[in-house]
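Below is one structure, written out as structure tokens; comments come after it.
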Amino acid sequence: QSSGLLIRWLWVQVPPSELYNFIFTILKLNGGTMDLVAIVKERAEGKDLSVLGGSVKFVVDENVVLIDGVTGEISSNDTEATCTISTDADTMQSIMDGSSSPQAAFMTGKLKVAGDMSIALKVQSVIS
């Protein structure tokens with residue numbers, strides 16, 4: 001809860017690209033212990049997750065975020081998903097701050113997709 005409030009406060013106070021740099025710097029400094037689930041929940045708030053048509057799991061270094069489009073839950077459960085997107089923290093940071101696109105990261109092999117590619121294409125609308 002407290003990390004979500006911090007993110008809301010920072011969102012108002014800090015330009016988005018600087019906020020993403022701040023969040024991922026903390027994530028790296030804390031050895032990945034920052035609540036990445038809270039970040040995804042914040043970005044997906046109020047959006048219809050059922051448009052995904054399944055589940056998507058993000059694996060960012062050792063951190064896992066599962067978005068279940070069927071139940072509408074976002075968690076850190078490392079369970080089977082319809083689509084799995086894997087990358088490292090640096091690549092995710094560059095996607096989040098806009099210095100790289102998911103498509104460019106995929107084409108250069110920095111972002112990998114396993115499973116249903118159609119869900120990967122829909123996920124940006126849910127967490128953007």
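Based on the alpha carbons, how large is the Rg to Rh ratio for region 51-128 when Rh follows Kirkwood?
0.93
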Checklist entry - Given region 32-79, what whole percent of its Cα pairs are spread farther than 18 Å? => result 21 percent
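Any read-out appearing in this document is the output of simple, stated calculations on the displayed coordinates, not a laboratory observation. This is a predicted model, so every value here is computed, not measured.
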